[in-house]
Every structure is written in C-alpha cells, then in structure tokens.
Amino acid sequence: MSNPRVRIRNVQHDRVNFVLEGVDIGFANSLRRVVMADIPTVAIDIVEIETNTTVLADEFIAHRLGMIPLISTNCDEGMRYTRDCTCLSNCKYCSVVLYLDVSCQEGGTMDITSDHLQVVGYNSGYRFTSGPAYSDPASDGGEELSKRGDGFGNPVGKDDDSVPPVLITKIRKGQGLKLKCVARKGIAKEHAKWSPCSAVSFEYDPHNKLRHTSYWFESDERAEWPLSENAKEEEPPRDDMPFDFNAKPEKFYFEVETTGALSPKEVIMKVTTNSG
Amino acid sequence: MPPSTFKTVEREKAFKHPSKTGHSYPILNEFVAPHLESFNALFPEGNDPGLLALGIKDIGKRVVFDGKGSTESGSRQASWGNRLSMWIDSISVSRPLVPEKDKAVKERKVFPSEARERLSSYRGKLQISLSWQVNDSTVRSTNKDCGSIPIMVRSKRCNIKETPSAELVQRHEEPEEFGGYFIVNGNERLIRYLIVPRRHHVIALIRPSFVNRGPAYTRFGVSIRCVRIDQTSVTNTLHYLSNGSAMMRFSWRKQEYVIPIMLILKALISASDKEIFEGIMMHDYENTFMMDRVELLLRSFKTYNLQTGTQCLEYLGDKFRVVLGQPEDWSNQMLGTWLIDTLILVHLPNPRDKFQLLLFMIRKLFALVSGDTCADNPDSPQHQEILLPGFLYGMIIKEKLAEALTQVRMNISMDVAREVSTVDFFDERYISKVLSKVSFDVGAKMSNFLATGNLVSQTGLDLQQASGFTIVAEKLNWQRYISHFRSVHRGAFFAELKTTTVRKLLPESWGFICPVHTPDGTPCGLLNHLSRSCRITTTTLAVDHIPALLFSRGMTQTHAAVLDGRNNVCVQLDGRVIGWASPPIAKRLATDLRAWKTQGLHKVPLDLEIGYVPASKGGQYPGLYLFSSAARMMRPVKYLPNGRPDSIGPFEQVYMEIACTPDEINPDVSTHVEENPTNFLSILANLTPFSDFNQSPRNIYQCQMGKQSMGVASTAIRHRTDNKMYDLQTGQTPVVRPVLHNTYGMDSFPTGTNAVVAVISYTGYDMEDAMILNKSAHERGFGYGSIYKSHIIDLKTERGASRGSAANLHFGMGRDIRRDDDIREVIHEDGLPLVGTRVAPGDCIATYIDDTTHRTVRHKYHSDEVAYVDTVRLLGNDTGDSELQKVHITLRIPRAPVIGDKFSSRHGQKGVCSQKWPAVDMPFSESGMQPDVIINPHAFPSRMTIGMLVESMAGKAGAMHGLAQDATPFTFSEEDTAIDYFGKQLRAAGYNYYGNEPMYSGITGEEFAADIYIGVVYYQRLRHMVLDKFQVRTTGPVDPVTRQPVKGRKRAGGIRFGEMERDALIAHGTAFLLQDRLMNCSDYSTAWVCKTCGSMITLGYDDLMTTTRSGSLSQGVGGPGGEYCRVCRAKAEEAKASPATDGSDIRLQVPSEYVLRSPKAGEMDIIAVPYVFRYLCAELASMGIAISLEVA
C-alpha cells in the first residue's frame, strides 16, 4: 500500500461518492465490509410492551421498532456495549431508553410513527410500571455521555419536517400502544438493524481491462454491455492495446448510502478506528 | 398491454372505505355461483315452488290400515279396515335465528361470524306441515319441527345474502366474502362438485363386466341417467342379450332389478308387436342384423303370454308388490303403473314419450352391437355433468323426510299388528303420539352429513359413493381457499380403480377442466379444477316452444312408423324425442338454433346446448341433441358467423372448430374463437407468470405449491377460529403478475415477497435445490410468519366435570392460589390468560375451580412450542343463558424462517434454506445490490422453467421502472419475444439486455470471472417448516411389550432402523455400529440362562437367608444371588438316577463373549439379549415350544 488517496466526488447528507486510489483490492474490499458491518450504531434492541391494542402483534411491532434508524453520532465513543458495561441491565452509559405512548381518541385512522418515540433522559427520573428507565451504573466516571452528539438516540428526522417519519403502525379510535424501548450499541454483524448503510456500491476496472470477468454476449460485447458512469474516469482500452497480465486494480469507485444514523463522513472516518 | 400499475391507491381506498353498494371484485361472486344458485333453487322463488317443495310432492303418500287384511274373505276392500294416508304438505326453511326461548335479544338474526367464532353451526329451522286423512274424511294437518339444517352462507336463506362489502366488514366477514359453504361446528365445509353422467342422454357402453350379470348377457348396453324435476335421479340401463332380446335394469333401494324391455314397451302404451317392430326398424328392412334382433326380441316375449298393456302392468305389479312398499289396497295394475312412473325414464311423464325414447335406446343398442356406432366414453366430459351441492342437499332432505314418513307408517302398522289398544285413526292424540315417537330431526342428519361427508341413505341416491361428499374449506391461504370452490371430483369410486383411464386428460375437457391444476399422486386426474371461464348452469331453461320452432323449420313429427330411419336422424330435447330430420335439415336446424340463440331471437336461450352429431361410419350415434337442463358445464366463446358471444357445452364442443386466438381463425373451418387464450386454465394456473415458458409439469407443481404457501389468509383474521392458520407478516404484491391477478383481487391476500435472486453457485450451500438466504434480509423480516393455533378449553369435557346439567367446574382462580403465585402474573382472577402472555410447554394457560374439591385446577398448555396468547374468546350457548363453560384461545406461534424451511418461486422451483449467509460475504453488484436469495444454476437445465428466468428479468425491469409487469401467458410470440420486451426495458435502466450483471465476491472483493444472472423473483414461503418436522431422540419412551423405542414424532419416538438399513451396515462391515443401533440403543437387556438346560425362562431364586442356614436343599446350590434353574433342580430331585435329557425344540448357541457374568458357583449365566427375544421365548413357551441356549 503505497499511497492511499481518496477523491470525493459527491457528498450529500445521506451519501458519499468517492474514488479510492493507491490501495490494493483487499484493502478496498475490507473498507466496504467494515462500512457495512463493523461501524457501531444505536438501535432499539429490547422492547417492553405495556399496552398493545393495535392490529399488529407484539413481536411485529418490536421488529419494526428495531429497524428504525436512531441518531448515533459518535456512538463509537459515546456509548459502551452492554456486554462490556459493568452495570446490571441498562445504564445510561450502555443504553438509551425510549418510550412510546400513543392512543387514538378520535375517529379515523391515526399513524404511529417514529416521531412518537421519545428518548427518556437519564436525569428525568421517568419510571415505567416495570421500574425505572435506566438501571444504576456500577461505576461513575465514564466520559461517554459528553461525547455523544446532538439528539443522540432520537429517531432520524425526528424534529425535521422535511424528513417523513417511519410508520410503525396505524390505529383507530380506542386503540393504543404503550411501550418502553431500550436502544443499545451494536454492529451489523450481529443484526442488520445496526448497519449504518443501506447500500455500498463498489466497482473497479469499468472497462474490464484486467479481464477479471468475461462478459457474456450474443454478438457484440461492447454494444451489449452498457458502460457504467465510472467508465468516464478511465481511459477506454484501445483495440490494439496488448493485455497487461501484471496489472492490478488501482481505482475503486465507492458510493456509500447511509440510513441516517450516522453521517456519511463519520461512517468513512470511523473505518480506521474499527477496522482493527 | 394493460396499464402497468399496482393500483395501490385504489386498493387502499377500497380497504379504507369498502363499497356500500356491492363488491370491489364481483368476479369472486361469480365463481361460487353454482354453489349458491343450486342451494337457492331449493326454495320457492316467484312461481317456482323450489326443489324441496317438488321433492315432498314426489314423496307421495304413505298409507296404513287398521285392519289386518284378510285373504280368506272374498271382498278385499272391507277387510283392510280404515285407511289412513299421510303426506307432507309443505316445507319451509327459516333463516338462522336466535331461538325463541331467548327473549332478551334485539337482533334475532344470527350471522355467520358468530357461528364461526362460537364453534357452532350456522343453521335455520326446517319445518314441515304434515297432513293426514282417514278414509275420505277431512284432511287434518299439523306442523312438525324437523330441527335446524345448516344454511349455505350468502344463500337465499342466509342473513348476509346480498350484503355489500361495508356491511360485511361490520359483520366480521371478508369484504369480498362470497359464501358458498356451510358452517358446521365452527368449521367451514362445502359440498364438492362431483362428476356424474350427463342426464337425459343415452350413452352406448361396452363393458366386459356386463357379461357377469347373468346368462346370455353381453358386454353391450346403453344407459341413461334420468332426472326428476326435483333433481333426484334414476339410471336406466338397457342390456343386450346374446339371445337377441334386451333387458332394462334399474335399481330400487340399492337393489338391482332387470325387466325384459318388451314388457315395458307393452306396458307403456299397450303397443302392438307391429308398432314395436316398425318403431325399431323404421323402414330399414335391408338391415337384416336389426331385423333379426327385433324378430328375436318379439319372439322371446311370447313365452310370457302377455298381450295387452294392462296384462303387462298387472304382471309387473304382481312381481314387484312386495318390494315397492306401496299401499296394500292398490291393484297390481296401479302398482305396475307406479313402478313405471317412478323408475323408468323418470324425466318423461308421458308414457308415449317414454316409449319413443325406449325405441331410440333399442336402435342405438343394436347399432352399437352391429358396430355401426362406437361406444361413448363415460370418462369424457362430453357425457358428464356436475352434481351440484344444493341439489344433493335437497335430495338428502327429501330422502330423510321420506324415511321419517315411512317410519310413521311402520310404527302405526306395528301397533296395528300388535293390536295395541290405543290405535284409533280418528283420535288425534294417537296420531300425535305416533308422530312424537318418530324422529323428524332432519337437521341433525344434515349437520352430520356436512360434518363427515358421509351419506347415510337407503336408496343410495343413484350415486356411486357413500362418503367424501364434503370437504373443509381450509383457509391456509387465499389460493387454496378459492380452489376448493372450483374443484371437481370424479368420484371416490374411481379412486380405488386400478385402471388409470379415468384419470386421463382428454381433449374434450378443453376449456371446462383445467389441464394444469390437478394434484400429483393418488388423486391425480380425479380431483380436477374447473377452468376459469367454465360456468355450471343451475336452472332449467324455458324451452317449451323449441319443438314448435323446429317443426316450422322442417323437422318432422315423431310418428316414427312412417319415417325412414336410414335417412332421418333423431332430434331430442332433454332426452325427449321431439322429432326427426334428415341430416342436412338437422344440420341446418342446429345452425339456425345457434344463430338464434346468439342473437337472442325466437327466445332461444343462450345456454341451450345444441349437439349436432353428424352421421359417420362407426362414430358417435348421429342425431341432434338439445340440452337445456341444469348442472351442465358451459363456457363462453365467440361465434364467428355473427361475432356474438356464444355459450357452449362439452357435448357440442366436440363438433366445433374453435380457434384459440383470432390469428388462428381458418375462415373455412373455424366456427368459434376463444374469448381469451388463457380461459382454459383454472384461476390458479392462470396466476403462474409466464406459464407458457415453462415445462408443463412445473406449472402443475406450482398449482400445488401456490396452495401451500404462507400468505395473508384472511383480512378478518381476528374473527377466525381455524384450528391452524398461517400468516405471512410482510406479504407483497408481485412485481410480475398476470392481468388476472388484479381481476381476482389477489393483492388483498399476498402469498410471498419479491426477492432479489442471483443464479450463482457461490458457496456450495446451494447444492441440490438448497437456497442461501441473505442474513440481513432475514433480519429485516424476509419471509417472517406466524402460526395461529386454536386451543379450546371446554369444562364440560374436562376431568371431574359432572354429567348433569349443572356445571361443577367454573373458570376462576380461588383463594388457594397464593397472592404471590407466579401464575397470577399471567392469569387473571377470572381464570383466563392475559392477552400477550407467553406460554411455554407445561405452563398453566387457564384455571378453574372444582366445586367438589373446592380447589383451583390448573389447565396446562401441552405443545412443544412457545406461543403467545393472541385472543381469548368466551363461548356461550345458543340462547346465551348458561354460565361460561367454554373458551377458545388463539395462540400465536412466531415462525421466523430458519435453516430447513421450504421456499419456492412461482415456477415449481422449491428449495430449502440451507444457510443464512452474512450480507458482507454475499456477492454484490456494482450498484451495491446484494441478493436476498441465491439459487444454484443447476436448478434450471433439467427443469426448463424458462418462465422463472423471464420473471427475473421482468421483475428487475419492473422494479427499476416502477411497473407492474404483465405476465399473462400467450401474450408474446416468436416474432415479439418476451426477452426482447424486457431486455429493452433493462437496457433503458442501464442494465445488460439479457439480465446479467458483473458481480463481485463479497469475501475478496474481486470481480467474478463470469457475469451473474440476477433479478427480482416473487418467492413464496411454503408451510412445511422444520420446526414441525424435525425428529430427534436419544432416550425416550419405549414400547411396553417389546421395550423397543416407540415410533412417531409426536411421542418423541425414534426413526425406524429397518432391514435395508441393517443390510447396509452388514455390507459395510460396521459391526459395532450395527450392535449399537439394533441392540444397545434399542432393547438391550440381560437375562439369566441355565448352563445345563439352556432355558431362559426357568429362573428361580432361593431365599439365601433361609436356605443357606437350613441347608435343606442338598444339591444345586444357586449362584451368589441364590438363583437357580427351576427345571433342572426339579428334574434332578425327581429322578436322580436318570440324567436330564434335553427336551427343547429349538437350540441356539450363545458365543462366550455374550456371557456377561458367569458366577463360579451356581448353574445360571447372565447373557445380553434383546428384550424382544426374551419376549419371544415367553410367547413360544406359551405355545409349548422351548428354546434352549447353549452357553459356551
């Protein structure tokens, strides 16, 4: 690995498009794998249902809650894994507790969305019927809390009208849903809900100069196989060019699309700390 | 191409605001129409009295006398005494209502959902008015309650008959509920369509078995199934005898009788020999074959010495008097007339019509014998019709009422015979006493019929089977549910038949019976499904004017004597000879009728079947046969000459040229064109996308698997009480679907998920039809489902329940359960579980208090799976005045897909999930797409399911462009290929034209050497799950007799290690394994065996304490435990002189290694033997056979 270079082609709030150069294929792929599966985020892991008179079954709702992306800015440092934490169940260092208490009093259909989820502050003293929101930490002195970003643990786009909330279920008059969620830190190797990305596109050698693959074609390879956007970045092979069997892939085209739990920048930057 | 939209908004609207006037998918009501209409036909409508009323009229009167009928007196009349005749006057069936007893209810109507949820039956009261008359005095009548009969849902007697969607939803039904079934004990059951011979058409038969009917019988016969106006039927068969005569066969009370045909011909209209001769010959005097037979026929009858019709009737009456059971005072002639009326050609009331048809039958029979015509195929739909549920239901009610009436008569005549003093026909109290003794509870019998499908009948109802008439309408998924209503069974009788000819797919069934939708295996070809557009007529058409119409167009009158049979063919309307016509005229009549019926001229009904059979050499018997009756299959096609819609039946279809598509029309030949080339497929077969690309067996498999897939079975799942119900959590509408998917509203009941499928051999975990599931896709909910199971707690059947009416068990929790007991967490004071409670095997699910012991009893949950309480239903009784004794608990068992669960695409490509592969390791495309499912390319070459490959392309293009892809079969052609259509779409989306993509290994990131076929395919999760199937055992229950492991998954049994498996181990030389399987892990046991005599069953024990001390027994001191052989010791004591000779019958040798312990002292050894061997020794000993083991 001589000289890794990253050229960012496009950054948006939920995606980044960049070209990685100067690395070998194994490195590039491990970057992809880490981005997909090794960046820790927060996601709802335990749901205690107090009332559920909706049409959906408890486990259905719990599953849906788990899939909601929660803001996990600097989750890596801002939170402990529950398994590493010394507390008994879920303390403020290793969990974020959310509650949802919605009931429909009027006629018509009402949507329960991720916007109804409220983070329970660890100072609020909020108590559920089953007990306090957080368990007592075994020891003090963690710096985790200060490292958390704004709105940590809140559903993505909670107080943002431009982002449509995630629908959990619909209820009618007389129905209601009351529950406590414990969100924990985790990685997507364990469960897909902890993945910060929804998709990672990865490409190299758009002209197939290295002949890693052989395109199947009916009559004319060039006519039948559309070139990808990334092909513009590279010199198209000339017909008279000899095949360089020693060549190695050099440029890797990435596009990382996030779920919103982490910013694309953070996703990429965290790779270095988590790829160990 | 139809608009490519998913109609999401429309559907959502329809769900939110169900139609207040009708249904969103009226076609669903159409396909159950035969069920409903045939049931509705039972009840009066306008001028139509209804089949039940016609039936009770046909039952007639039952007559009984209070005299004994003396033979010695000369005058018969006087000796019989008073004549009491009884009959059923009228009949009525009410809608399902709350019993009168309950005064408190406001809404008296009972709705189907109540019956379903309360596990009761949905039934209405059947009442009859019974009349009787003594001699000629005034008629008296009384109303009689006949119990409650199950009512077909959405029929005329149903409380949600024409209810629109909005109200149906309020009534806890599906918004598209179409009915057609009965609810018995909470189960939805329906009467299946059954194939029966076509009514009113003479079919020629050649059956070798006819020869066995008696001497001179031959294999030739003609048969006709005649149907009365109340839809009950009688089959008459005319047998050809080798002596030239013919015998008419019919059955009466399951007993078969044969009568010479001449006897009937004469009896009918007093026909002279000449009349009969001319009637059969029809001027065809050159036909010496026929001439000879007719001569023999006439001559053979001379022996009976009966000349006039009256003589014949009297003869018949005399012979049949005993079996018919008609009034004793009837004359023989009356009986003879009655016999002919009720059993011979019952569809024709007029004797002359019967006579004419009999002549026709004889002519057809002789033509068959001479080889002029061929035999008709009774397995062909051409000669078949459908026994409709409602008609069968009516027949049974009629028979049950007739039985009850006969019972009354029997009771009275018994009283008369026993000279009971109270017998007084004029005393109303006596009559009502007799009536109360007889069970008129038809309702219970009908419920039993529906619940079991068994027909308890004295007459057999002219059917070939006595069971299997009804089936449960399983709501496993929507596809299975709707198929029940379209299924047609050939008859249970044919299932046992060794020949497979009945199962054959015949070209005649095109358009009526689906060639694709039949199960494979035992019921293959017997259980069929109606084609999509096939209808079944349910009413008899108005055709009284047709004969006159045909006369006016050149048909000649029925005076057969003046007609020449050589150049005239018979014209029949519903089995009645209405005239004759020369073949060209007959053909013209047929064309005219078809033109009229399609154009609606001359009131010719569209459903009239016009079967013109042209004259041929050795073909079907020619003639013009018109059918207007109910129960025929009909289907719509377009009539080419005038371009109007025509309705055709299977009889006429054989002689038509129907083009499949407008392109195929041959102007010189074609008469019709199909309205739609896919009309010949059933609904399910139509739903297979691109089925025309697949190898045909794959489509058959898909029809089966579609019915096994998990899906949304019901939108009213909360109000269902099915024993087991499968539910898919996240069903999707398929991206690729035929147009009919929308037509039938399948989107309300999805049965699968659109999955990104890569066809690649990736890890080896996809060998042999296994498929790899993306772990992340699984975690996001791919294929997640649940099972709903019913758990019913009925305190009446619980242990300790009292037999009496007062309940002694009550739901509730007594004070004997401590305040802090754990079950108080999950069970409420009322003894019922809280909704949402998790129950594990052995957990308490409800509690009740026993009055006798004053203790709380815990009702346990016995099943091997963790479940959640979904609903708790408290079930009351019909009147709602009893204490709670029965609860219905719906348990929800979550079933996330696990390794070993079965999935399938819609092309008969099933596979088992073999791994949940981590997403990072899955291959991915340049755009970052990762497959949800990986299947092996080897799944394709041998199965040739090209449809699946096309679906994959179409799905990918559809997903990219947001299109609902039309996958109707037969829309593409060689010129306009599907590949091109979807390939262009793919190219427009930036993909390769052929659906391939370069992909990268998830593990190394390297590009694969080959590009991969990846696309979107709709995947179904099948209901076969490992959790229901896995079977493991280390130790467990054993059979008490053999001490070998028991079998059966439910009992934690083992899997049999059989002879062939044993052979394999022997062949491998794995002796230790063999020993382990068959001995150590099975019924290993140790036994004492005598060293001297080798017996295993003669063990005795000395009481060591006493014997050693006293030393009374000198010889044969037992072993260390005091064991000894009783036989040997006894022998030794008995005759010390002579050494014991071995008297064993069987001698076996036990090698020394099996001797476990050989105590130095004593005479017994311990050996290891299978326990069954010890058992065998004991059994043999009981037979007096001794087994001796030679212990080395």
Hits in region B:542-562 - residues which are crowded, with 21+ Cβ neighbours inside 10 Å and in a loop (DSSP other than H, G, I, E, B):
B:M555
Residues of region B:139-171 being surrounded by 15 or more Cβ atoms within 10 Å (Cβ to Cβ), farther than 28 Å from B:F31 by Cβ and more than 31 Å from the chain's Cα centre (by Cα), which ones?
B:S141, B:K144
Taking the criterion of being surrounded by 19 or more Cβ atoms within 10 Å (Cβ to Cβ) and part of a loop (DSSP other than H, G, I, E, B), would at least one residue in region A:177-185 satisfy it?
no
Tally the residues that are touching a helix residue (DSSP H, G or I) at 6+ places or on another chain (Cβ under 8 Å) and either free of Cβ contacts under 8 Å to residues at least 24 places away in the same chain or assigned to a helix (DSSP H, G or I) (or both), restricting the search to region A:7-31.
1
Only one of A:A199, A:A247 is more than 8 Å from every other protein chain (Cβ to nearest Cβ) and free of Cβ contacts under 8 Å to residues at least 60 places away in the same chain, namely A:A247
Identity of the residue in region B:763-784, surrounded by fewer than 23 Cβ atoms within 10 Å (Cβ to Cβ) and either among the hydroxyl-bearing types (S, T, Y) or not in a loop (DSSP other than H, G, I, E, B) (or both), that ends up nearest to the other protein chains (Cβ to nearest Cβ):
B:E779
Checking the condition surrounded by fewer than 23 Cβ atoms within 10 Å (Cβ to Cβ) and among the aliphatic types (A, V, I, L, M), which residue from B:I979, B:I935 passes?
B:I979
Per the filter on region B:478-510, residues assigned to a helix (DSSP H, G or I) and surrounded by fewer than 16 Cβ atoms within 10 Å (Cβ to Cβ) are B:F493, B:T501, B:P507
Which of the residues that make up region B:103-127 are within 22 Å of B:R720 (Cα to Cα), basic (K, R) and outside any loop (DSSP other than H, G, I, E, B)?
B:K109, B:R116, B:R123
Take B:L1073 and decide whether it is within 35 Å of the chain's Cα centre (by Cα), among the hydrophobic types (A, V, I, L, M, F, W, C) and either assigned to a helix (DSSP H, G or I) or surrounded by 16 or more Cβ atoms within 10 Å (Cβ to Cβ) (or both).
no
Among (1) buried (at least 20 other Cβ atoms within 10 Å of the Cβ); (2) touching a Leu at 6+ places or on another chain (Cβ under 8 Å); (3) touching a residue at least 40 places away in the same chain (Cβ under 8 Å), the one test that B:A595 misses
(1)
Being polar (S, T, N, Q), touching a Lys or Arg at 6+ places or on another chain (Cβ under 9 Å) and away from chain B (no Cβ under 14 Å) is the filter here, so list the residues in region A:87-117 that pass it.
A:N90, A:S95, A:S103, A:Q105, A:S114
All positions within region B:727-762 that are under 30 Å from B:P677 (Cβ atoms), in a loop (DSSP other than H, G, I, E, B) and not hydroxyl-bearing (S, T, Y):
B:G731, B:Q732, B:P734, B:V735, B:P738, B:G745, B:F749, B:P750, B:G752
Say whether the condition of being in contact with a Gly (Cβ under 9 Å, 6 or more places away or on another chain), farther than 30 Å from B:Y765 by Cα and within 14 Å of chain A (Cβ to nearest Cβ) is met by at least one residue in region B:869-876.
yes
Positions within region B:890-921 being away from chain A (no Cβ under 12 Å), within 24 Å of B:S790 (Cα to Cα) and either of a type in the set (A, V, I, L, M) or more than 30 Å from the chain's Cα centre (by Cα) (or both), in sequence order:
B:P897, B:V898
Out of everything in region B:86-138 that is under 22 Å from B:K156 (Cα atoms) and of a type in the set (S, T, N, Q), what residue ends up being farthest from the chain's Cα centre (by Cα)?
B:S129
Filtering region B:803-841 for residues that are loosely packed, with under 11 Cβ neighbours inside 10 Å and among the β-branched types (V, I, T) leaves a count of 0
Checking B:A978 against (1) facing chain A (nearest Cβ under 8 Å); (2) touching a helix residue (DSSP H, G or I) at 6+ places or on another chain (Cβ under 7 Å); (3) among the aliphatic types (A, V, I, L, M): exactly one of these is not met. Which one?
(1)
Looking only at region B:953-970, count how many residues are surrounded by fewer than 24 Cβ atoms within 10 Å (Cβ to Cβ) and touching a residue at least 24 places away in the same chain (Cβ under 8 Å).
9
Report yes if some residue within region B:1013-1028 is in contact with an Asp or Glu (Cβ under 9 Å, 6 or more places away or on another chain) and small (G, A, S); otherwise report no.
yes
Going by what's in this entry, would A:S30 be described as farther than 24 Å from A:G151 by Cβ and either among the aliphatic types (A, V, I, L, M) or within 19 Å of the chain's Cα centre (by Cα) (or both)?
yes
Among the residues of region A:57-72, write down those that are farther than 16 Å from B:R838 by Cα, in a loop (DSSP other than H, G, I, E, B) and facing chain B (nearest Cβ under 9 Å).
A:M67
Counting only residues in region B:318-338 that are assigned to a loop (DSSP other than H, G, I, E, B) and under 40 Å from the mean Cα position of the chain (by Cα), the one surrounded by the fewest Cβ atoms within 10 Å (Cβ to Cβ) is identified as B:G325
Restricted to region A:211-234, and to residues that are under 13 Å from A:V19 (Cβ atoms) and free of Cβ contacts under 8 Å to residues at least 24 places away in the same chain, which residue is farthest from the other protein chains (Cβ to nearest Cβ)?
A:K232
Looking only at region B:794-835, filter to residues that are of a type in the set (G, A, S) and at pLDDT 90 or above; which one of those is farthest from A:A62 (Cα to Cα)?
B:G812
Mind listing just one residue for me: the one in region A:103-157 that is farther than 19 Å from A:T51 by Cβ and of a type in the set (F, W, Y) and, of those, surrounded by the fewest Cβ atoms within 10 Å (Cβ to Cβ)?
A:Y122
So A:K185 passes all but one of these: (1) within 14 Å of chain B (Cβ to nearest Cβ); (2) under 30 Å from A:F252 (Cβ atoms). Which condition number does it fail?
(1)
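The values are calculated or read from the model by the stated rules, or taken from the named source; none is laboratory data. Just so we're clear, the structure is a prediction, and the values are computed from it rather than from any experiment. Here the Cβ is made from the backbone with ideal geometry for all residues, glycine too, and neighbour counts use every protein chain on show.
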